[in-house]
Amino acid sequence: MTRVILVHGGAGAATKDEPAYRAGLLRAAETGWSRLEGDGDAVAAAVAAVAAMEDDPVFNAGYGSVLNASGEVECDAAVMRGADRKFGAIASVRTVRNPVLLAHEVLDSRHVMVVGEGAVRFGARRGVATVDPAQLITQERFSAWAEWMARGQPVLDGEDALEGLTPRTGLAGDPGCDTVGAVALDGRGRLAAATSTGGISFKLPGRVGDSPLPGCGFWADGRAAASSTGEGEKIARVLLCRVACERAAGGDLDLDPALADLAAIDGSGGLILLAADGSWRAGYNTEMMGHAWRRDGMAAAECAGTRPSDRPA
């Protein structure tokens, strides 16, 4: 059975520090791969890859997440195991450096989603460490928030205002709604998906997008696994990951139809998809979506970034 790890670092405008961004993707793929070696588990691999990106301030997840309207980091994350379709999700968490680890604990409980302070207390009982919220804020993100404050705090409650912060624009402080995610296939043919995000810059506190919603920001079953990134409200309306996985179950890995559904409601974003036979796709309708992968037979991970509808080499 072919083992594969595939990660993405968010879809959006091509305004990121490319060397650091690509290096972070490669590290995440290698970290996930290290959990697949031997008899490693797909869930552990996906979680480890995402946690590596949460620790990297280049990405909008965990440490270095964008700030909400109150100047706080507020994270969502989810993990799904394809074998039994169990998932664990958390939302609106402010004091956890690695939200994907907290979501993993939910996966192994009787719950499916826990939010806010309740999620933090749940994680503490299971050994998930908390941090001072200030430790999650980078100078770059704080400066972007301060700039937004100086502009008069544009209202973010309405659709029109939110469109000013979409992945298409790459406005200061929002380099592309760069949610992170991973999908993995282990040596026993088991699939898994994980997604993590800090959301959109200057969002309404408590706002939740697609990332922790099953079928929207992530999906995994016995046939395929997917993780998405982009405009969360619109991705949720088209069930982007579930639609792509259903098509893959029928042997069609083309992501263009799912992305066309997103574009039909003026949505932008992208996703990665991994099938049970080890084949994969990455597609997006934004300027870029960095992604990296490793599989059996490869000496090192490789990555791609700015070509729409990328295909594996």
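The values are calculated or read from the model by the stated rules, or taken from the named source; none is laboratory data. Owing to the predicted nature of the structure, the values given are computational and were not obtained by experimental measurement. So basically every Cβ, Gly included, is an ideal-geometry build from the backbone, and we count neighbours across all protein chains shown. SASA here: full protein model, heavy atoms, side chains in, ligands and nucleic acids out. Shrake-Rupley method; radii C 1.70, N 1.55, O 1.52, S 1.80 Å.
Extents of the stretch 1-134, largest first, come to 43, 40, 22 Å (Cα atoms, principal axes, whole angstrom). The label point for residue 298 and the one for residue 110, both projected 7 Å from the Cα toward the Cβ, are 4.1 nm apart. All Cα-Cα separations within the stretch 181-241 were binned at 5 Å from zero, giving a P(r) of 4, 21, 27, 20, 13, 8, 4, 2, 1, each value a whole percent of the pairs. Counted by Cβ distance under 9 Å from residue 57, the other residues give a net charge of -2, where Lys and Arg count +1 and Asp and Glu count -1. For the chain, modelled as a GNM whose springs connect Cα atoms under 10 angstrom apart, the maximal fluctuation among 21, 63, 284 occurs at 21.
Taken over the C-alpha atoms, the stretch 72-145 has Rg and Dmax values of 13.1, 44 angstrom. Placing +1 on each Lys and Arg Cβ and -1 on each Asp and Glu Cβ, with no other charges, gives the chain a dipole about its Cα centre of roughly 720 debye. With all protein chains kept in place, the per residue accessible area of the stretch 89-134 amounts to 48 square angstrom at a probe of 1.4 angstrom.
Taking Lys and Arg as +1 and Asp and Glu as -1, the other residues whose beta-carbon sits under 10 Å from that of residue 88 total 0.
The string of couplings for the stretch 253-260 from the Karplus curve (6.51, -1.76, 1.60, θ = phi - 60°) is 9, 5, 8, 4, x, 5, 5, 5 Hz, one whole number per residue in order, with x for Gly and Pro. Compactness of the chain, taken as the C-alpha radius of gyration over 2.2 N^0.38 Å, stands at 0.89. When the Gaussian network model of the chain links Cα atoms closer than 10 Å, the mean-square fluctuations of 92, 279, 227 top out at 279. Treating r as the C-beta distance of residue 70 and residue 121 and R0 as 22 Å, the FRET efficiency rounds to 0.55. Normalised by the number of residues in the chain, the mean separation of alpha-carbon contacts (under 8 Å, six or more apart) gives a relative contact order of 25 percent. Rounded to the nearest Hz, the phi-derived 3J(HN,Hα) couplings of the stretch 144-150 under the Karplus curve 6.51 cos²θ - 1.76 cosθ + 1.60 (θ = phi - 60°) are 5, 5, 4, 5, 4, 4, 5, where x marks glycine and proline. Computed about the Cα centre, the dipole magnitude for the stretch 57-97 is approximately 220 debye when only Lys and Arg (+1) and Asp and Glu (-1) carry charge, each at its Cβ.
Ordering 106, 71, 53 by Cα displacement along the dipole of the stretch 52-108 toward the positive end leaves 106 in first place; charges were set at the Cβ atoms of Lys, Arg (+1) and Asp, Glu (-1).
The heavy atoms of residue 104 offer some 50 square angstrom of accessible surface to a 1.4 angstrom probe.
Take the Cα coordinates of the stretch 200-305, assign each an equal point scatterer, and use the Debye formula without solvent to give log10 I(q)/I(0) at q = 0.19, 0.21 Å⁻¹. The Cα Debye sum returns log10 ratios of -0.93, -1.08. Per the Debye formula on identical point scatterers at the alpha carbon atoms of the stretch 103-157, with no solvent, log10 I(q)/I(0) at q = 0.24, 0.25 Å⁻¹ is -0.90, -0.93.
Placing unit charges on each Cβ (+1 for Lys and Arg, -1 for Asp and Glu) gives the chain a dipole about its Cα centre, and among 209, 131, 238 the Cα reaching farthest toward its positive end belongs to 131. Counting only protein heavy atoms and using a 1.4 Å probe, what share of the accessible area of the stretch 1-159 belongs to carbon plus sulfur, as a whole percent? Using a 1.4 Å probe with all protein chains present, the stretch 1-159 comes out at 51 percent carbon and sulfur. Highest GNM mean-square fluctuation among 64, 189, 88, for the chain modelled with Cα contacts below 10 Å: 189.
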